[in-house]
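So the structure is just underneath, and the comments pick up after that.
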Amino acid sequence: MKFGFTTNDFQYCPSGSRGIGVISLEDSIHELKDVKCNDAIRENHLKSLGLKFIFFKNEDVLYNLENVLIQVKQTIHHGR
């Protein structure tokens, strides 16, 4: 999903202040120094808009989806 100058894998906009603003799915390219720097800029910009984040590696979604869904549900319900 395109949001401003960045692309996010999924965006959830709750009506209240609780919940997740952005769910980010990341692969190994996010371990590179330049990519980490760009990720930090993107995250800071979106946090300045009041969005909250939760991150998962692509492998987690592919091979441990049940745990990912539990974490998403907990984050939505507890507003972490």
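Bear in mind that the values in this text are calculations on the coordinates, not laboratory data. Nothing here was measured: the structure is a model prediction, and the numbers come from that model. Methodologically, a virtual Cβ is constructed for each residue, glycine included, from the backbone with ideal geometry; neighbour enumeration extends over all protein chains shown.
Using the Karplus relation 6.51 cos²θ - 1.76 cosθ + 1.60 with θ = phi - 60°, the per-residue 3J(HN,Hα) values for the stretch 49-55 come to 8, x, 8, 9, 10, 9, 10 Hz, with x marking Gly and Pro.
Each label point was placed 7 Å from the Cα along the Cα-to-Cβ direction; for Lys73 and Leu32 their separation is 3.7 nm.
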